[in-house]
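Single-structure report; data block below.
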Amino acid sequence: MHTRKIGQLTVSAIGLGGMPMSIEGRPDEERSIRTIHAALDAGVTLIDTADAYHLHAGETGHNERLIAQALASYGGDTSDVLVATKGGHLRPGDGSWTVDGSPRHLREAAEASLKALGVDAIGLYQFHRPDPGVPYAESIGALKELLDAGKIRMAGISNATIEQIDISRNVLGDGNLASVQNQFSPAFRSSEPELAHAASLGIAFLPWSPLGGIGRAGQLGTRHAAFQEVADAHAVSPQQVTLAWMLAKAPVVIPIPGASRPESIADSARSADLVLSADELARLDVA
Ligand SMILES: NC(=O)c1ccc[n+]([C@@H]2O[C@H](COP(=O)([O-])OP(=O)(O)OC[C@H]3O[C@@H](n4cnc5c(N)ncnc54)[C@H](OP(=O)(O)O)[C@@H]3O)[C@@H](O)[C@H]2O)c1
């Protein structure tokens, strides 16, 4: 597996998104564990999660606990695996997603994530989504405190504008913003400016829902014909082509395709080895 950097840490160029294993439509635990093990078998060393990846009220941290369990039961060495979690989103259990970016909540959420993951320090802690009711710098100030206290090793943000990226750099201090995680896929390209900004600063950029999201990823080839045509030319899946296209955008890009089946992440992981020509990339850029 090719590698990329988040801060000073080397991780696989393709990560695993944990969300499909814990929200609506999630599989049973046994299949989820097999999926995470398949990712590790494929050389994936970045797993993205969040405290809010759960379904029912009262099961906050479902996905974090699942990942901790899968790492503990894996036969091989997992010491180089970075688990990136998030705080600031909540799921009351009625299907909705709410936000709380208050420093108090983020401190409590990080403590709960430490327990759910069973670690002394969180490898990468991301502020999940801006809270309109809390000044952005105050939310990021909580991450700075967590960094200074050694509770998190790296700080990241998600669903951020360029302005919020710059506020975060300012509050966290030079070089301490490790990652930006924004939506980016063939169907959703409006975060290109944030991607370019992160690339210019050497900050890791993690595209979320890179295949179009749960329930839509399977139709990627029919929804985006050019991706299917390039896939046919290489005898690979259109999902692999999508991830390879993203990887080619900048060395800071690390897609985190979600999976709830071992076959999905095994296929996605192979995209790290797929090289597309300049003509193909240019075609996909405008497709
Ligand atoms: N920061 C945020 O606000 C935010 C928001 C959404 C998501 N995320 C993160 O981003 C991750 C990825 O996003 P996502 O899970 O919403 O959507 P996604 O990665 O675009 O799509 C996930 C779906 O793609 C399917 N899939 C994966 N690889 C495939 C392949 N090679 N061929 C065919 N199908 C494939 C999976 O199917 P199976 O389930 O059948 O395996 C899975 O359900 C999430 O898991 C989460 O960690 C973050």
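Out of the residues in segment 65-92 meeting the condition of being among the β-branched types (Val, Ile, Thr) and within 13 Å of the ligand (Cβ to nearest atom), tell me which one is surrounded by the most Cβ atoms within 10 Å (Cβ to Cβ).
Taking segment 65-92 and keeping what is among the β-branched types (Val, Ile, Thr), we get 67, 78, 81, 83, 85.
From the residues that got through so far, the ones that are within 13 Å of the ligand (Cβ to nearest atom) too are 67, 83, 85.
Numbers: Ile67: 27, Val83: 21, Thr85: 31.
The qualifying residue surrounded by the most Cβ atoms within 10 Å (Cβ to Cβ) is Thr85.
Please verify whether segment 267-286 includes one or more residues that are open to solvent by 30 Å² or more (accessible area, probe 1.4 Å) and within 7 Å of the ligand (Cβ to nearest atom). Yes.
Taking the residues in segment 42-63 that are surrounded by 16 or more Cβ atoms within 10 Å (Cβ to Cβ) and acidic (Asp, Glu) as candidates, determine which candidate is farthest from Ser268 (Cα to Cα). Looking at residues that are surrounded by 16 or more Cβ atoms within 10 Å (Cβ to Cβ) and acidic (Asp, Glu), I get Asp51. Among the conditions (1) of a type outside the set (Lys, Arg); (2) open to solvent by 60 Å² or more (accessible area, probe 1.4 Å); (3) out of contact with any strand residue (DSSP E or B) (no Cβ under 9 Å at 6 or more places or on another chain); (4) within 30 Å of Asp80 (Cβ to Cβ), the only one that Gly150 does not satisfy is (2).
Taking the criterion of being open to solvent by 30 Å² or more (accessible area, probe 1.4 Å), assigned to a loop (DSSP other than H, G, I, E, B), near the ligand (Cβ under 8 Å from one of its atoms) and of a type outside the set (A, V, I, L, M), the residues of segment 210-242 that qualify are Gly215, Arg216.
Residue by residue, here is whether (1) part of a helix (DSSP H, G or I); (2) at pLDDT 95 or above; (3) within 12 Å of the chain's Cα centre (by Cα) holds:
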position: Ile14; (1), (2), (3): no, yes, yes
position: Pro27; (1), (2), (3): no, yes, no
position: Glu30; (1), (2), (3): yes, yes, no
position: Ile33; (1), (2), (3): yes, yes, no
position: His37; (1), (2), (3): yes, yes, no
position: Val44; (1), (2), (3): no, yes, no
position: Ile47; (1), (2), (3): no, yes, yes
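Selection of segment 2-33 for residues being in contact with a helix residue (DSSP H, G or I) (Cβ under 6 Å, 6 or more places away or on another chain) and surrounded by fewer than 15 Cβ atoms within 10 Å (Cβ to Cβ) yields only His2.
Figure legend. Inter-residue proximity from segment 198-225: first residues over 17 Å from Leu16 (Cβ atoms), second residues in a loop (DSSP other than H, G, I, E, B) and within 9 Å of the ligand (Cβ to nearest atom), beta-carbon distance below 6 Å, spacing 6+ or different chains. Indicated pairs: Leu220/Leu211; Leu220/Gly212. Selection of first residues in segment 106-122 that are farther than 24 Å from Ala137 by Cβ and modelled with pLDDT of 95 or more and of second residues that are among the small types (Gly, Ala, Ser) and crowded, with 17+ Cβ neighbours inside 10 Å, restricted to Cβ pairs under 7 Å at least 6 apart or on distinct chains, gives the following pairs, ordered by first then second residue: Ala116/Gly61; Ala116/Ala68; Leu117/Ala68; Gly118/Ala68.
Would you list the strands (runs of 3 or more DSSP E) that sit entirely within segment 57-162 and hold 2 or more residues that are over 26 Å from Ala196 (Cβ atoms)?
Working: elements: 82-87, 124-127, 155-158.
Qualifying strands (runs of 3 or more DSSP E): 82-87.
For segment 93-109, state whether one or more residues are under 15 Å from the mean Cα position of the chain (by Cα), within 15 Å of the ligand (Cβ to nearest atom), more than 20 Å from Gly7 (Cβ to Cβ) and among the charged types (D, E, K, R). No - not one qualifying residue is present in segment 93-109.
The values are calculated or read from the model by the stated rules, or taken from the named source; none is laboratory data. Predicted model, so just to flag it, every value in this text is computed and none were measured. Positions of Cβ are backbone-derived with ideal geometry, glycine not excepted, and every protein chain shown enters the neighbour counts. For the accessible areas, the whole protein counts, side chains as well, though only heavy atoms, and no ligand, DNA or RNA atoms are used. Shrake-Rupley method; radii C 1.70, N 1.55, O 1.52, S 1.80 Å.
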